[in-house]
(Lines give C-alpha, C1' and ligand atoms only; values in the text may rest on other atoms or scores of the structure.)
Protein backbone atom coordinates (compact mmCIF):
# COMPACT_ATOMS: atom_id res chain seq x y z
CA UNK A 1 0.00 0.00 0.00
CA UNK A 2 1.06 3.61 -0.46
CA UNK A 3 3.34 5.09 2.19
CA UNK A 4 4.29 8.55 0.89
CA UNK A 5 1.92 10.93 -0.92
CA UNK A 6 2.91 13.97 -2.97
CA UNK A 7 0.05 16.50 -2.83
CA UNK A 8 0.39 19.44 -5.28
CA UNK A 9 -1.52 22.58 -4.24
CA UNK A 10 -2.27 25.91 -5.90
CA UNK A 11 -4.25 27.83 -3.27
CA UNK A 12 -7.56 27.57 -5.14
CA UNK A 13 -10.79 26.49 -3.44
CA UNK A 14 -10.37 23.10 -5.05
CA UNK A 15 -6.97 22.61 -3.49
CA UNK A 16 -8.29 23.72 -0.09
CA UNK A 17 -10.64 20.74 -0.19
CA UNK A 18 -7.86 18.54 -1.55
CA UNK A 19 -5.86 19.10 1.64
CA UNK A 20 -8.71 17.64 3.72
CA UNK A 21 -9.04 14.67 1.37
CA UNK A 22 -5.31 13.99 1.33
CA UNK A 23 -5.02 14.21 5.12
CA UNK A 24 -7.87 11.74 5.63
CA UNK A 25 -6.52 9.38 2.96
CA UNK A 26 -3.02 9.44 4.45
CA UNK A 27 -4.37 9.00 7.98
CA UNK A 28 -6.18 5.81 7.00
CA UNK A 29 -3.07 4.47 5.27
CA UNK A 30 -0.72 5.70 8.01
CA UNK A 31 1.24 7.34 5.20
CA UNK A 32 3.30 10.50 5.19
CA UNK A 33 2.62 13.55 3.00
CA UNK A 34 4.80 15.94 1.07
CA UNK A 35 2.82 19.05 0.11
CA UNK A 36 4.10 20.92 -2.92
CA UNK A 37 3.38 24.23 -4.61
CA UNK A 38 5.08 26.33 -7.26
CA UNK A 39 6.29 29.80 -6.34
CA UNK A 40 4.93 32.53 -8.55
CA UNK A 41 7.60 34.17 -10.70
CA UNK A 42 6.98 37.66 -9.37
CA UNK A 43 9.95 38.95 -11.33
CA UNK A 44 8.22 38.02 -14.57
CA UNK A 45 5.80 40.95 -14.22
CA UNK A 46 6.68 44.60 -14.71
CA UNK A 47 5.93 45.46 -11.09
CA UNK A 48 7.87 42.46 -9.89
CA UNK A 49 10.93 43.35 -11.97
CA UNK A 50 10.84 46.89 -10.57
CA UNK A 51 10.51 45.58 -7.01
CA UNK A 52 13.44 43.22 -7.56
CA UNK A 53 15.57 46.17 -8.70
CA UNK A 54 14.53 48.66 -6.01
CA UNK A 55 14.08 46.34 -3.02
CA UNK A 56 15.58 42.89 -3.59
CA UNK A 57 14.90 41.70 -0.02
CA UNK A 58 11.20 42.66 -0.29
CA UNK A 59 11.07 40.98 -3.69
CA UNK A 60 12.44 37.72 -2.32
CA UNK A 61 9.97 37.75 0.56
CA UNK A 62 6.99 38.52 -1.67
CA UNK A 63 7.98 35.83 -4.15
CA UNK A 64 7.99 33.20 -1.41
CA UNK A 65 5.19 34.46 0.82
CA UNK A 66 2.10 33.28 -1.03
CA UNK A 67 3.51 29.82 -1.70
CA UNK A 68 4.55 29.50 1.92
CA UNK A 69 1.06 30.51 3.08
CA UNK A 70 -0.49 27.69 1.04
CA UNK A 71 1.95 25.18 2.47
CA UNK A 72 1.81 26.39 6.06
CA UNK A 73 -1.96 25.91 6.20
CA UNK A 74 -1.65 22.42 4.70
CA UNK A 75 0.96 21.51 7.31
CA UNK A 76 -1.39 22.70 10.05
CA UNK A 77 -4.10 20.33 8.78
CA UNK A 78 -1.77 17.33 8.60
CA UNK A 79 -0.10 17.90 11.96
CA UNK A 80 -3.47 18.31 13.65
CA UNK A 81 -4.02 14.56 13.18
CA UNK A 82 -0.43 13.57 13.87
CA UNK A 83 0.71 12.89 10.31
CA UNK A 84 4.35 12.89 9.32
CA UNK A 85 4.56 15.65 6.72
CA UNK A 86 6.79 18.16 5.00
CA UNK A 87 6.40 20.87 2.38
CA UNK A 88 8.34 22.10 -0.61
CA UNK A 89 8.04 25.10 -2.90
CA UNK A 90 9.84 25.42 -6.23
CA UNK A 91 9.90 27.92 -9.09
CA UNK A 92 9.66 26.81 -12.70
CA UNK A 93 7.88 27.33 -15.98
CA UNK A 94 6.35 23.83 -16.26
CA UNK A 95 4.39 22.83 -13.15
CA UNK A 96 3.92 19.21 -14.20
CA UNK A 97 7.69 18.75 -14.53
CA UNK A 98 8.18 20.21 -11.06
CA UNK A 99 5.56 17.83 -9.66
CA UNK A 100 7.24 14.79 -11.20
CA UNK A 101 10.70 15.96 -10.16
CA UNK A 102 9.70 16.53 -6.55
CA UNK A 103 7.89 13.17 -6.39
CA UNK A 104 11.07 11.40 -7.49
CA UNK A 105 13.34 13.50 -5.28
CA UNK A 106 11.31 12.84 -2.12
CA UNK A 107 10.67 9.16 -2.81
CA UNK A 108 6.89 9.43 -3.09
CA UNK A 109 4.91 6.42 -4.27
CA UNK A 110 1.60 8.19 -5.10
CA UNK A 111 0.71 11.60 -6.52
CA UNK A 112 -2.58 12.75 -4.96
CA UNK A 113 -3.95 15.71 -6.88
CA UNK A 114 -6.99 17.57 -8.22
CA UNK A 115 -7.97 18.87 -11.64
CA UNK A 116 -9.66 22.11 -12.56
CA UNK A 117 -10.76 20.33 -15.74
CA UNK A 118 -12.22 22.37 -18.56
CA UNK A 119 -13.37 25.10 -16.14
CA UNK A 120 -9.97 26.15 -14.85
CA UNK A 121 -7.69 28.61 -16.64
CA UNK A 122 -5.77 29.71 -13.56
CA UNK A 123 -3.55 28.45 -10.78
CA UNK A 124 -0.92 25.76 -10.55
CA UNK A 125 -2.78 22.51 -11.10
CA UNK A 126 -4.73 23.26 -14.26
CA UNK A 127 -6.55 20.53 -16.10
CA UNK A 128 -3.79 20.44 -18.69
CA UNK A 129 -1.14 20.07 -15.98
CA UNK A 130 -3.00 17.14 -14.45
CA UNK A 131 -3.21 15.50 -17.87
CA UNK A 132 0.51 16.00 -18.38
CA UNK A 133 1.29 14.46 -15.00
CA UNK A 134 -0.90 11.48 -15.92
CA UNK A 135 0.82 11.18 -19.29
CA UNK A 136 4.41 11.40 -18.02
CA UNK A 137 4.36 9.92 -14.54
CA UNK A 138 5.84 6.52 -13.81
CA UNK A 139 4.10 6.66 -10.40
CA UNK A 140 0.41 6.02 -9.71
CA UNK A 141 -1.66 9.24 -9.83
CA UNK A 142 -4.93 9.60 -7.93
CA UNK A 143 -7.13 12.46 -9.19
CA UNK A 144 -9.21 12.96 -6.04
CA UNK A 145 -11.35 15.89 -7.20
CA UNK A 146 -12.47 17.45 -10.47
CA UNK A 147 -13.75 21.00 -10.16
CA UNK A 148 -16.79 20.56 -12.38
CA UNK A 149 -17.94 17.62 -10.23
CA UNK A 150 -17.95 19.55 -6.92
CA UNK A 151 -18.93 23.05 -8.08
CA UNK A 152 -22.55 22.88 -6.87
CA UNK A 153 -21.98 21.34 -3.43
CA UNK A 154 -22.62 24.27 -1.07
CA UNK A 155 -22.03 22.18 2.06
CA UNK A 156 -18.63 21.04 0.87
CA UNK A 157 -17.68 24.56 -0.21
CA UNK A 158 -18.74 26.08 3.12
CA UNK A 159 -16.93 23.45 5.18
CA UNK A 160 -13.77 23.86 3.09
CA UNK A 161 -13.84 27.64 3.66
CA UNK A 162 -14.40 27.24 7.40
CA UNK A 163 -11.55 24.71 7.66
CA UNK A 164 -9.27 26.98 5.63
CA UNK A 165 -10.01 29.82 8.02
CA UNK A 166 -9.25 27.50 10.94
CA UNK A 167 -5.89 26.65 9.32
CA UNK A 168 -5.15 30.34 8.85
CA UNK A 169 -5.90 31.04 12.51
CA UNK A 170 -3.81 28.04 13.55
CA UNK A 171 -0.89 29.25 11.45
CA UNK A 172 -0.99 32.58 13.28
CA UNK A 173 -1.28 30.82 16.64
CA UNK A 174 1.77 28.72 15.70
CA UNK A 175 3.62 31.96 15.00
CA UNK A 176 2.69 33.23 18.46
CA UNK A 177 3.80 29.95 20.02
CA UNK A 178 7.22 30.22 18.35
CA UNK A 179 7.60 33.72 19.78
CA UNK A 180 6.65 32.35 23.22
CA UNK A 181 9.58 29.92 23.01
CA UNK A 182 11.85 32.88 22.36
CA UNK A 183 10.29 34.89 25.18
CA UNK A 184 11.15 32.09 27.62
CA UNK A 185 14.77 32.07 26.41
CA UNK A 186 14.60 28.43 25.31
CA UNK A 187 16.29 29.24 21.98
CA UNK A 188 19.03 31.62 20.94
CA UNK A 189 16.77 33.87 18.85
CA UNK A 190 15.50 36.99 20.61
CA UNK A 191 11.72 37.59 20.68
CA UNK A 192 10.25 40.27 18.43
CA UNK A 193 7.57 42.10 20.41
CA UNK A 194 6.44 44.16 17.42
CA UNK A 195 5.83 40.93 15.51
CA UNK A 196 3.86 39.55 18.47
CA UNK A 197 1.75 42.72 18.42
CA UNK A 198 1.08 42.27 14.71
CA UNK A 199 -0.03 38.68 15.16
CA UNK A 200 -2.34 39.68 18.00
CA UNK A 201 -3.77 42.41 15.79
CA UNK A 202 -4.67 39.85 13.17
CA UNK A 203 -6.35 37.58 15.75
CA UNK A 204 -8.48 40.50 16.90
CA UNK A 205 -9.25 41.72 13.38
CA UNK A 206 -10.13 38.38 11.77
CA UNK A 207 -11.30 35.56 14.05
CA UNK A 208 -12.59 37.85 16.81
CA UNK A 209 -14.43 40.28 14.51
CA UNK A 210 -15.34 38.12 11.50
CA UNK A 211 -14.90 34.37 11.92
CA UNK A 212 -16.37 33.75 15.37
CA UNK A 213 -19.45 35.99 14.98
CA UNK A 214 -20.30 34.32 11.67
CA UNK A 215 -19.96 30.89 13.22
CA UNK A 216 -22.41 31.89 15.92
CA UNK A 217 -24.87 33.71 13.67
CA UNK A 218 -24.91 31.43 10.64
CA UNK A 219 -23.74 27.97 11.75
CA UNK A 220 -24.44 27.58 15.47
CA UNK A 221 -27.87 29.21 15.34
CA UNK A 222 -29.05 26.89 12.59
CA UNK A 223 -27.80 23.86 14.48
CA UNK A 224 -29.65 24.78 17.66
CA UNK A 225 -32.87 24.89 15.64
CA UNK A 226 -32.25 21.36 14.36
CA UNK A 227 -30.95 19.51 17.42
CA UNK A 228 -31.34 20.65 21.02
CA UNK A 229 -28.76 18.10 22.15
CA UNK A 230 -26.07 20.35 20.67
CA UNK A 231 -27.10 23.33 22.81
CA UNK A 232 -24.65 22.62 25.64
CA UNK A 233 -21.71 22.13 23.26
CA UNK A 234 -22.56 25.29 21.32
CA UNK A 235 -22.90 27.26 24.56
CA UNK A 236 -19.43 26.06 25.55
CA UNK A 237 -17.95 27.06 22.19
CA UNK A 238 -19.54 30.50 22.34
CA UNK A 239 -18.16 30.97 25.86
CA UNK A 240 -14.74 29.99 24.50
CA UNK A 241 -15.10 32.75 21.93
CA UNK A 242 -15.64 35.25 24.74
CA UNK A 243 -12.86 33.73 26.83
CA UNK A 244 -10.48 34.11 23.88
CA UNK A 245 -11.22 37.82 23.74
CA UNK A 246 -10.48 38.15 27.45
CA UNK A 247 -7.24 36.20 27.04
CA UNK A 248 -6.18 38.52 24.23
CA UNK A 249 -6.82 41.57 26.39
CA UNK A 250 -4.66 40.08 29.15
CA UNK A 251 -1.90 39.25 26.65
CA UNK A 252 -2.01 42.82 25.31
CA UNK A 253 -1.53 44.13 28.84
CA UNK A 254 1.38 41.76 29.48
CA UNK A 255 2.94 42.73 26.15
CA UNK A 256 2.91 46.39 27.14
CA UNK A 257 4.57 45.51 30.45
CA UNK A 258 7.15 43.27 28.76
CA UNK A 259 8.21 46.16 26.54
CA UNK A 260 9.17 48.05 29.69
CA UNK A 261 10.45 45.17 31.79
CA UNK A 262 12.05 42.09 30.20
CA UNK A 263 11.44 40.17 33.45
CA UNK A 264 7.77 40.00 32.44
CA UNK A 265 8.54 38.15 29.20
CA UNK A 266 8.24 34.73 30.81
CA UNK A 267 4.76 35.57 32.10
CA UNK A 268 3.80 36.80 28.63
CA UNK A 269 5.06 33.52 27.13
CA UNK A 270 2.92 31.46 29.50
CA UNK A 271 -0.17 33.51 28.64
CA UNK A 272 0.47 33.08 24.91
CA UNK A 273 0.90 29.32 25.30
CA UNK A 274 -2.34 29.02 27.26
CA UNK A 275 -4.13 30.99 24.57
CA UNK A 276 -2.60 28.81 21.84
CA UNK A 277 -3.63 25.60 23.61
CA UNK A 278 -7.18 26.89 24.03
CA UNK A 279 -7.41 27.86 20.36
CA UNK A 280 -6.24 24.42 19.21
CA UNK A 281 -8.74 22.68 21.47
CA UNK A 282 -11.54 24.96 20.28
CA UNK A 283 -10.81 24.37 16.60
CA UNK A 284 -10.58 20.62 17.23
CA UNK A 285 -14.02 20.58 18.88
CA UNK A 286 -15.58 22.44 16.00
CA UNK A 287 -14.06 20.21 13.33
CA UNK A 288 -14.62 16.89 15.12
CA UNK A 289 -18.08 17.59 16.57
CA UNK A 290 -19.80 20.63 15.04
CA UNK A 291 -19.00 20.28 11.34
CA UNK A 292 -19.95 16.56 11.12
CA UNK A 293 -23.22 17.32 12.94
CA UNK A 294 -23.90 20.22 10.60
CA UNK A 295 -23.22 18.04 7.57
CA UNK A 296 -25.79 15.58 8.86
CA UNK A 297 -28.49 18.00 10.03
CA UNK A 298 -28.48 21.07 7.78
CA UNK A 299 -30.20 21.36 4.41
CA UNK A 300 -29.00 22.82 1.11
CA UNK A 301 -30.66 26.16 1.82
CA UNK A 302 -28.80 26.39 5.13
CA UNK A 303 -25.48 25.60 3.48
CA UNK A 304 -25.96 28.14 0.71
CA UNK A 305 -26.52 30.83 3.33
CA UNK A 306 -23.50 29.71 5.36
CA UNK A 307 -21.30 29.55 2.26
CA UNK A 308 -22.34 33.05 1.21
CA UNK A 309 -21.61 34.46 4.66
CA UNK A 310 -18.16 32.94 4.94
CA UNK A 311 -17.13 33.89 1.41
CA UNK A 312 -17.26 37.49 2.57
CA UNK A 313 -14.28 36.77 4.84
CA UNK A 314 -11.99 35.90 1.92
CA UNK A 315 -9.97 39.09 1.87
CA UNK A 316 -8.82 38.57 5.46
CA UNK A 317 -7.60 34.97 5.29
CA UNK A 318 -3.90 34.26 5.28
CA UNK A 319 -2.46 34.62 1.80
CA UNK A 320 -5.18 36.88 0.38
CA UNK A 321 -5.03 40.05 2.49
CA UNK A 322 -5.87 43.25 0.62
CA UNK A 323 -4.50 45.50 3.36
CA UNK A 324 -0.79 46.18 2.80
CA UNK A 325 0.08 45.91 6.49
CA UNK A 326 -1.60 42.49 6.67
CA UNK A 327 0.21 41.37 3.54
CA UNK A 328 3.57 42.36 4.97
CA UNK A 329 2.77 40.71 8.29
CA UNK A 330 1.79 37.43 6.69
CA UNK A 331 4.66 37.36 4.26
CA UNK A 332 6.86 37.47 7.33
CA UNK A 333 4.80 34.92 9.26
CA UNK A 334 4.66 32.40 6.41
CA UNK A 335 8.35 32.82 5.61
CA UNK A 336 9.15 32.31 9.29
CA UNK A 337 7.13 29.07 9.17
CA UNK A 338 8.98 28.09 5.99
CA UNK A 339 12.36 28.59 7.64
CA UNK A 340 11.58 25.58 9.82
CA UNK A 341 9.36 23.40 7.66
CA UNK A 342 9.42 24.27 3.92
CA UNK A 343 12.32 23.15 1.73
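The values are calculated or read from the model by the stated rules, or taken from the named source; none is laboratory data. The structure displayed is predicted, hence computed values, not measured ones. Virtual Cβ from ideal backbone geometry, glycine too; neighbours counted across all protein chains shown.
Quick one: is residue 263 in a helix (DSSP H, G or I) and out of contact with any helix residue (DSSP H, G or I) (no Cβ under 8 Å at 6 or more places or on another chain)? Spell out how you get there, then give the answer.
Values: in a helix (DSSP H, G or I): yes; out of contact with any helix residue (DSSP H, G or I) (no Cβ under 8 Å at 6 or more places or on another chain): yes.
So residue 263 fits the description; yes.
Output the residue which, of all residues in the stretch 1-28 that are closer than 15 Å to residue 83 by Cβ and out of contact with any strand residue (DSSP E or B) (no Cβ under 8 Å at 6 or more places or on another chain), is surrounded by the fewest Cβ atoms within 10 Å (Cβ to Cβ).
Out of the qualifying residues, it is 28.
Quick one: count up the residues across the stretch 301-310 that are in contact with a helix residue (DSSP H, G or I) (Cβ under 6 Å, 6 or more places away or on another chain) and over 12 Å from residue 219 (Cβ atoms).
Result for the stretch 301-310: 1.
From 226, 221, grab the single residue that is more than 25 Å from residue 174 (Cα to Cα), free of Cβ contacts under 8 Å to residues at least 24 places away in the same chain and assigned by TED's automatic domain parsing to the domain that holds residue 199. Give the derivation first.
Numbers: 226 fails: free of Cβ contacts under 8 Å to residues at least 24 places away in the same chain.
Sole residue among the options that is more than 25 Å from residue 174 (Cα to Cα), free of Cβ contacts under 8 Å to residues at least 24 places away in the same chain and assigned by TED's automatic domain parsing to the domain that holds residue 199: 221.
Looking for something at pLDDT below 90, surrounded by fewer than 21 Cβ atoms within 10 Å (Cβ to Cβ) and closer than 24 Å to residue 290 by Cβ - is there at least one such residue anywhere in the stretch 194-207?
yes
Which residue out of 231, 243 is without any contact (Cβ under 8 Å) to a residue 12 or more places away in the chain and either over 24 Å from residue 180 (Cβ atoms) or in the same structural domain as residue 266 (by TED's automatic domain parsing) (or both)? Walk me through how you get there before you give the answer.
On the way: 243 fails: without any contact (Cβ under 8 Å) to a residue 12 or more places away in the chain.
From the options 231, 243, the qualifying one is 231.
Does residue 213 satisfy being within 23 Å of residue 240 (Cβ to Cβ) and surrounded by fewer than 15 Cβ atoms within 10 Å (Cβ to Cβ)? Steps first, please.
Values: within 23 Å of residue 240 (Cβ to Cβ): yes; surrounded by fewer than 15 Cβ atoms within 10 Å (Cβ to Cβ): yes.
When the stated conditions are applied, residue 213 passes them.
Using beta carbons and a limit of 6 Å, which pairs, at least six apart or on different chains, have the first residue in the stretch 278-296 and not assigned by TED's automatic domain parsing to the domain that holds residue 242 and the second one surrounded by fewer than 17 Cβ atoms within 10 Å (Cβ to Cβ)?
Between residues of the stretch 278-296 that are not assigned by TED's automatic domain parsing to the domain that holds residue 242 and residues that are surrounded by fewer than 17 Cβ atoms within 10 Å (Cβ to Cβ), there is no close pair.
Go over the candidates 176, 200, 142, 210 one by one and state the one that is part of a helix (DSSP H, G or I) and under 29 Å from residue 33 (Cβ atoms). So that I can check it myself, show each step before the final result.
Values: 200 fails: under 29 Å from residue 33 (Cβ atoms); 142 fails: part of a helix (DSSP H, G or I); 210 fails: under 29 Å from residue 33 (Cβ atoms).
Testing whether each residue is part of a helix (DSSP H, G or I) and under 29 Å from residue 33 (Cβ atoms) leaves just 176.
Just to be sure I understand the filter: pairs with C-beta atoms under 6 Å, separated by 6 or more residues or on different chains, first member in the stretch 10-30 and closer than 13 Å to residue 167 by Cβ, second member assigned to a loop (DSSP other than H, G, I, E, B). Which pairs pass?
15/9
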